[in-house]
1. Among I53, L65, N152, flag the residue with its Cα farthest along the positive direction of the charge dipole of the chain, charges on Cβ as +1 for Lys/Arg and -1 for Asp/Glu.
2. Which pairs, out of K96/K247; K96/K130; K117/K265; K62/K139, put more than 22 Å between their alpha-carbon atoms?
3. For segment 148-301, what is the relative contact order in percent, using Cα pairs closer than 8 Å and at least 6 residues apart in sequence?
4. Please list, in order along segment 117-132, the HN-Hα scalar couplings obtained from phi with the Karplus expression 6.51 cos²θ - 1.76 cosθ + 1.60 (θ = phi - 60°), rounded to whole Hz, x for Gly and Pro.
5. Please name whichever of Y284, L198, L136 sits farthest to the positive end of the charge dipole of the chain, dipole taken about the Cα centre and charges placed at Cβ: Lys and Arg +1, Asp and Glu -1.
6. Just to be sure I understand the model, the point goes 7 Å from the Cα along the line to the Cβ. What's the resulting S222 to M31 distance in nm?
7. Once you place label points 7 Å from the Cα toward the Cβ at C57 and N211, how far apart are they in nm?
8. Each label point is 7 Å from the Cα along the Cα-to-Cβ direction; what then is the distance between the points at K247 and R86, in nm?
Amino acid sequence: MNLTKLQFDFLVYIESHSGEHLTQRDIALGMDISLGSVNKFITFFVKEKLIEIRNKCICITKKGLEFLEPYQVKNAIILAAGFSERLAPITLTTPKPLVKINGVRIIDTILDALYEKDINEVYIVVGYKKEQFEVLKEKYPSIKLIENPLYNEAGNIASLYAAKEFLGNSYIIEADLFINDKSIFQKYEYCANYRAILKDKTDDWCFKTKNKFITKITIGGSNVFKMAGISYWDFKSAQLLSKDIGKVFNSPGGKENFWDIVPLKIFKNAYKIYLIEIRDNQLYEVDTYNDYLLMSGKCCL
């Protein structure tokens with residue numbers, strides 16, 4: 001059975017609220033869809049035996065959980081190898097992901113959000129002052145550190161190349177994101193996607209889209225979606241990405257690239273990547289020392 005994105009979102013919504021007493025109106029408001037759509041979805045999924053009504057509660061069935069299993073996020077790869085000179089002088093002694101904002105390490109906000117969604121298989125690609133990341137294992141014993149020995153002489157494609165064998169139903173996450181809303185990660189994902197923030201104007205990496213699918217990556221623009229540093233790769237697209245990352249990395253000059261241009265530019269016709277819009281305040285990118293100072297005053301957990 002092939003589900004539309006909206007049908008998938010409905011089933012995931014029921015899974016996350018399974019056993020709660022929800023009216024059709026509650027679901028419509030929670031998902032921001034029409035009451036008619038809710039009734040149609042309930043009828044469909046009850047017929048398929050993926051959900052059931054028990055004691056006036058809508059519950060996902062064992063068959064429903066089995067149906068969602070191929071969509072479940074398996075792991076996350078966090079790219080944390082760089083020096084981050086724009087955050088100096090702090091990074092002269094501490095890698096950016098381990099810098100604290102309001103007493104909390106930047107990378108802890110990512111890990112806590114992943115763990116809340118039962119995504120405990122996490123690979124952190126390290127390079128600069130790699131030994132300092134060992135302290136994370138005290139709080140997060142399941143994490144695994146992967147070394148990128150080329151962190152100081154190659155683009156971040158070298159970091160993903162070091163971890164490419166683990167790609168499959170995976171998040172790829174930049175390590176300089178202070179996550180302010182844990183719902184930015186999900187237990188289940190429908191297809192390959194990038195998180196992005198709609199901007200009136202930006203000079204950062206951004207996307208142009210058509211029917212919610214990414215058509216082009218650019219630097220700077222107006223009325224565009226700014227890249228948020230989080231992407232997801234289902235098993236099929238991840239296998240292709242792993243292969244293509246290897247091709248580019250091992251080509252002349254390939255090591256100098258950002259990994260994102262592999263699926264978004266070099267081999268873009270081979271990928272169909274959805275865009276998920278997020279809100280500006282769901283995460284903060286800690287890019288410069290000024291960002292650090294500003295965020296120290298406005299981030300809240």
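1. Most positive-ward Cα: I53.
2. K96/K247; K117/K265; K62/K139
3. Computed over segment 148-301, the figure is 35 percent.
4. For segment 117-132, the Karplus-derived couplings read 9, 6, 9, 9, 8, 10, 10, 10, 8, 10, x, 4, 6, 4, 5, 5 Hz, x marking Gly and Pro.
5. L198
6. Placing both labels 7 Å beyond Cα along the Cβ direction yields 3.8 nm.
7. Going by the 7 Å Cα→Cβ label model, 4.0 nm.
8. Reported label-point gap for K247 and R86 is 3.0 nm.
The values are calculated or read from the model by the stated rules, or taken from the named source; none is laboratory data. Just so we're clear, the structure is a prediction, and the values are computed from it rather than from any experiment. Note: ideal-geometry Cβ built from the backbone for every residue, glycine included; neighbour counts use all protein chains shown. What goes into the accessible areas is simple: the full protein's heavy atoms, side chains included, and nothing from ligands, DNA or RNA. Shrake-Rupley method; radii C 1.70, N 1.55, O 1.52, S 1.80 Å.
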